[in-house]
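Notes for the one structure printed next.
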Amino acid sequence: MSAEKVCIQCTVGGPVRVYVKDGVITRMRPLRFDETDAPSWIIEARGRKFSPPRKTTLQSYEVPERQRVYENRIQYPLRRKHFDPSGDRRQELRGKDEYVRISWEEALDLVAGEIRRIRAEYGPAAITAMTSSHHNWGFLHYKMGPFGRFFNILGYSQCLDNPDSWEGWHWGATHAWGYWWRLGHCEQSELLQDALKHTDMIVFWSVDPNSTSHMYHGQENVIWRVWMKELGIEFVVIDPYCNCTAASMGDKWIAPRPGTDAALAEAIAYVWLQEGTFDKVFVENRTYGFAEWAKHIRGETDGVAKTPGWAAEICGVPAHTIAALAREWAAKKTMLAVGSIFGATGACREAYATEWCRLCVYLMAMQGLGRPGVNFWGGTAGAGPIDYRFRMFGYSDNGWDAFGAVGKKSYFPDGNPVTQKTYRLLLPEIVMNPPVSWIGEGFCGNSIEQQFRRFTCPEPGPNGAPIKMIYRHGGSFISTMTDTNRWVRMYQHPNLEFVVMQDCHWQSETKFGDVILPASTNFEHSDLSEWGAAGGYGFNDFTCNHRVVIYQQKCIEPLWESKPDYDIYRLLAARLDFEEAYTEGNDYEDWNRKVFEASDLPKYLTWEEFTRKGYFVVPPRPADEEPKVSFRWFYEGRPCDLDSENRTPPGSPVFGKEGLATPSGKIEFVSQTLKTFAPDDEERPPMARYIPSWEGHETKDLAEEYPLQLISPHPRFSYHTHNDNKSFWLDDIPQHRVRKDGYAWWPLRIHPSDAEPRGIRSGDIVKVFNDRGIVLCAAIVTERVRPGTVHSYESAARYDPLVPGQPGSPDRGGCVNLLSPSRMVSRNVPGEANNSCLVEIAKWEA
Amino acid sequence: MTRYGMVIDVSKCIGCYNCFLACRDEFAGNEYPGYSAAQPLRGMNWIKVIEVERGRFPKVKVNHVPVTCMHCEDAACLRLDQSGAVYRRSDGIVMIDPEKAKGNKALLNLCPYRVIEWNEERELPQKCTFCAHLLDQGEPEPRCVESCPASALTFGDLDDPESKVSMLLATGQVVPMHPEYDLKDKVTYLNLPKKFVAGTVIYGDVGEVAAGIDVLLSGDGKELSAKTNGFGDFEFEGLAENVQYTVKIEASGYQPVTLTAKTSRDVYLGEIVLTK
């Protein structure tokens, strides 16, 4: 028996010490800092000193990470049994076929051969490829690394991602305050300090930081909320579900009907207008179009005053509660929390979600955004005082070629010779019923104009091609996109000649592949990264209490026959004659070292010291430096001085300048960008307003047939589909799955007043259904959900139809996105609207 | 002497289950000779989290109560077991010897907290060890405490008056989960869920919430007072179970209202409308 060794690694939810014995991972623990590590910051506020614990936190779903390394892994390269590349491909058997084990040689030759054939027959645009987010962690080996570099050199139809978790902010809020370079989110600089010192109340609106808002930074911000509760800061939570923040820490829970948050926002504004409880100086000097919008709120344009009584009818929240909320909000220094950093909320993922998001910006403008204690703060970023100046790469700093950040040549943005694009939300239609057109370039981080660009696939002209091949890298969309029986149909469609699945684990989509390639996890090779740092669009949004840069030590050999993604793409590149361009002659360690040398790490320690210890804690900023708080510069009419906006290159549209990056330089109640680009769009008009959902309580006929509104926020105990159905200890958490009759069912929460007439009791297996599909869940009868609404998290990682491979067959796995609509947010807003979903529920009698 | 103990502040627990998961990570499949035998890969819960949903729509709260071996000074398992399998270390940690305890399923019934579990694979009664194998290597706290993001679990030396755990105990607010068992528990609690009586007061004539109104609660031999907040809400938290309380609401210019509430469960009285 060999001695136990301890390696340093990083998961998607925090850094870990990995204990390895006889080549097997036995335990994983968070880091614990000692006196040789940099000190922690201290914030003095209200007579107390706040300093974070001298250890790192782990997101719950990463605590059993060692189980995930070993469970449900794809072990060998596989070929679908009835797939004959030189004869009948039997596409219709995808999802139900068996697999045969093949060698890596055979698998790689087959994949490279199909790539060559399809390029020759249809052109390079006939291949599209896509990834999921964060099934592994690392700077070089995340999807922006090997996947991005390989496909940009090869040339392919890039599959544009929609901003899936924060649609309304991206497509809406940008038209009120700019910030397209942050994809609609605003800066979050030093807001923890500001809250601890000044804030009286936080309104958590359609957001649940205790469960879903940790993103990649463990549970670093939980202690912040514990401190805030100790200081007596009030938490008001607005959500149709009494979410985990409301349930554990809330002082007041307000539960509007799904899809009506915009009406609630308008009524709050009405009270402020009538009572004069808003910041008139700010509105006068820092906003544009307020007077016109005020007329709309008062009903001077349409004869309908947006009173609390008006909103009460729509939202199902009493008028007196709405008025009280408005008065409390105005009387107190109030932060508005809408997500992490903004995303992952329900109300920004629904029909006309742009409207609520823009209205949130308007509300904060009325309260003097940037005044001490008054700000937009998700409550999950803006830890401080952090040293922003220390240089370390975030994984998205160089777009879709992480290696290009330190390599001789970067293949992004100018590498890919193919201009044709596909769009993730429309991929099934693009494959099955081309041509398909849409407006909007997915992540529109370079300009507001990208939101209005029109695309068609196949692209008209000689370079366009129908999609014949999908290369799928990590994760599953059957549980995260919308109306996902469409994906089942797409995979079985004769148009689709070849499908590759490359992943560590058996995901819901893996069984639709013709060839399956086993990838290894980040514990099976080395990498380096900064904890929680995405870089790029989230530049310097510090979310962790300590900046920790990690040399991700290889813990174990690649399991079974898996290979690191870097090697799989290298071997394919060799067969396609571009290995040299792909590697530039480097192996991992060469790349790791290049990143080290280009960072500020060498100012503090040598490569040998870094790789031996495995991590480095960046010292905090000197305490005597004045905090630079988000929007304080704007509030005070100064040029933007935020370190978090001081980015090189491409620079920030606001850093060093006065005013926002809107045409007026102000917060726009009447959007000039919408007036310019889409003046006649009544579904996203220049002035935000409540618009009744195309699928909700006001669509009477449909609501009669399917009377319950299903909301499906991001889950607490899985990062997307990456942990569920792998880390099986999570199944013993009754919030996550309910064990019954030897099966772990996905829970659905229903109020007693809806359960009782349907004869449903807690623990019953129920059929959740509409015209789009049937999903079987375990009912949890609870007071935590408003009557008429049911709640079930999205991202169940098990798609388990009763009849394998049959679209529409009842799914036992809990993929509730089989039920959500494929209709997008609005006519010109190509976002997913998962929370505009009507269903009926009945006891399942199998 | 070092004497280990833990205080769990239920008001800080957010129900993330990190304690439960970290405990599994430490013990599932891992042998610690001289301390504990490996847990099977699934099925054992040396620390578990009890979820308590309280109230009714729209006044709901949830408490999470982590429960583990209380390492009692007067441990029933140690007192009642005849086999010699249970022993107390000099630092007070109550241990089950995996050699001597084999096959001793009767041990499970000796603990009124029911925190001794049966390892079917090994035919062993097992429970929390406070991660004694880690403490003996100089580590400051067990895995559950290490993994808690909310600092809801505080571990330390009860004999050191300067330790955080001793300072919490000195507040006088800390209680055992079941004082009636009288076992001198060394895992004790702050803010264990009791019962609340709450309501929302409305001025019927104007249809607005009644903020800053006096509310009096009497029963169980005491009188408590509260004021409604900006939402017209009042709440009396931490009340005894199964007591008939009387709630009186008085606002000048309105008829006084008297209501009763029995705390057989948490009581939300709903909207209470004041009339002139």
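Values in this text are rule-based calculations from the coordinates and carry no lab data. If you're wondering where the values come from, they're calculated on a predicted model, not measured in any experiment. Note that each Cβ is placed from the backbone with ideal geometry, even for glycine, and that neighbours are counted across all protein chains shown.
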- Item | A:I439-A:D771 pseudo-label distance in nm [points 7 Å out on the Cα-to-Cβ vector] | 2.5
- Query: For the charge dipole of chain A, defined by +1 on Lys and Arg C-beta atoms and -1 on Asp and Glu C-beta atoms about the Cα centroid, which residue among A:F631, A:C159, A:F512 has the Cα displaced farthest towards the positive pole?
  - Reply: A:F631
- Message: Tell me which GluC sites (Glu not before Pro) from the range A:621-668 have a DSSP coil assignment and no more than 12 other beta carbons within 10 Å of their own.
- Response: A:E625, A:E636, A:E658
- Per-residue HN-Hα couplings for the range B:56-67, Karplus 6.51 cos²θ - 1.76 cosθ + 1.60 at θ = phi - 60°, whole Hz, x for Gly and Pro? 9, 3, x, 10, 10, 9, 10, 10, 10, 10, x, 10
- Task: Mind checking which lysines have their Cα closer than 29 Å to the Cα of A:K843? Skip sequence neighbours fewer than 8 apart in that chain.
- Result: A:K96, A:K700, A:K726, A:K740, A:K767, B:K59, B:K61
- Determine, for A:L601, A:L264, A:L231, the number of other Cβ atoms within 10 Å of each Cβ, and report the residues in order from fewest to most. A:L231, A:L601, A:L264
- For the protein assembly as shown, the charge dipole (Cβ of Lys, Arg +1; Cβ of Asp, Glu -1; about the Cα centre) points to a positive end, and the Cα of A:F282, A:V500, A:N375 closest to that extreme belongs to A:V500
- Helix-only mean residue ellipticity at 222 nm for chain B, each DSSP H run of n ≥ 4 adding -39500 (n - 2.57), per residue, nearest 500: -2500 deg cm²/dmol
- Query: Between the range A:102-137 and the range A:690-726, what's the alpha-carbon centroid distance in Å?
  - Reply: 34
- In debye to the nearest 20, how big a dipole does the protein assembly as shown give about its Cα centre with +1 on each Lys and Arg Cβ and -1 on each Asp and Glu Cβ? 520
- Taking 0.36 nm per residue of separation and subtracting the Cα-Cα distance, what length does fully extending A:R46 through A:R389 add? 120.6 nm
- Message: Within a 10 angstrom radius of the beta carbon, how do B:D160, A:D200, A:D577 rank from fewest other beta carbons to most?
- Response: A:D577, B:D160, A:D200
- For the range A:89-188, size of Cβ-based charge dipole, Lys and Arg +1, Asp and Glu -1, in debye: 160
- How high is the relative contact order of the range B:4-190, in percent, counting Cα pairs under 8 Å that sit 6 or more residues apart? 30
- Per residue, how big is the convex hull around the C-alpha atoms of the range A:646-777? Give it to me in cubic angstrom, could you? 226
- Message: Please list, short to long, the whole-number percent of alpha-carbon pairs of the range A:186-383 in consecutive 5 angstrom bins beginning at zero.
- Response: 1, 8, 17, 21, 22, 16, 9, 4, 1, 0
- Item | Percent of Cα-Cα distances greater than 55 Å, calculated over chain A | 6
- Task: Identify all lysines with a Cα-Cα distance to A:K409 below 29 Å; exclude those on the same chain that are fewer than 8 residues away in sequence.
- Result: A:K143, A:K421, A:K554, A:K563, A:K594, A:K603
- Message: Can you list residues from other chains, or at least 5 along the same chain, whose modelled amide H is less than 5 Å from the amide H of A:G218?
- Response: A:G14, A:Q59
- Query: Based on the inverse mean of 1/r over its pairs of different Cα atoms, what is the Kirkwood hydrodynamic radius of the range A:700-843, in Å?
  - Reply: 15.4
- Pull out the extension gain between A:E608 and A:N463, defined as 0.36 nm times the separation in residues minus the alpha carbon to alpha carbon distance; nm, one decimal. 47.3 nm
- Message: Taking every pair of distinct Cα atoms and averaging 1/r, then inverting, what Kirkwood hydrodynamic radius in Å comes out for the range A:534-680?
- Response: 20.2
- Overall Cα dimensions of the range B:136-276 - principal axes, largest extent first, Å: 70, 31, 23
- Task: Would you kindly work out the equivalent ellipsoid of the range A:7-127 from its C-alpha gyration tensor and give its semi-axes, the square roots of five times the eigenvalues, largest first in whole Å?
- Result: 49, 20, 14
- Item | 5 angstrom amide H check on A:R27, placed H, neighbours 5+ away | A:Y19
- About its Cα centre, how strong a charge dipole does the range A:157-311 have in debye, to the nearest 20, once Lys and Arg get +1 and Asp and Glu get -1 at the Cβ? 200
- Message: How high is the relative contact order of chain A? Use alpha-carbon pairs under 8 Å, at least six apart in sequence, and give a whole percent.
- Response: 20
- Note on the structure: The computed P(r) of the range B:4-190 puts the percent of Cα pairs beyond 27 Å at 26
- Message: If I model the range A:82-229 as equal point scatterers sitting on the Cα atoms and use the Debye formula, what is log10 I(q)/I(0) at q = 0.09, 0.16 Å⁻¹?
- Response: -0.55, -1.12
- Task: Work out Dmax and Rg for the range A:351-455 from the C-alpha atoms and quote the Rg first, both in angstrom.
- Result: 19.6, 54
- Task: Using only Cα atoms, find the angle between the long axis of helix B:18-27 and the longest principal axis of chain B, and express it within 0 to 90 degrees, rounded to the nearest 10.
- Result: 10
- Name the residues whose placed amide hydrogens come within less than 5 Å of the amide hydrogen of A:C10, ignoring near sequence neighbours (fewer than 5 apart) on the same chain. A:V16
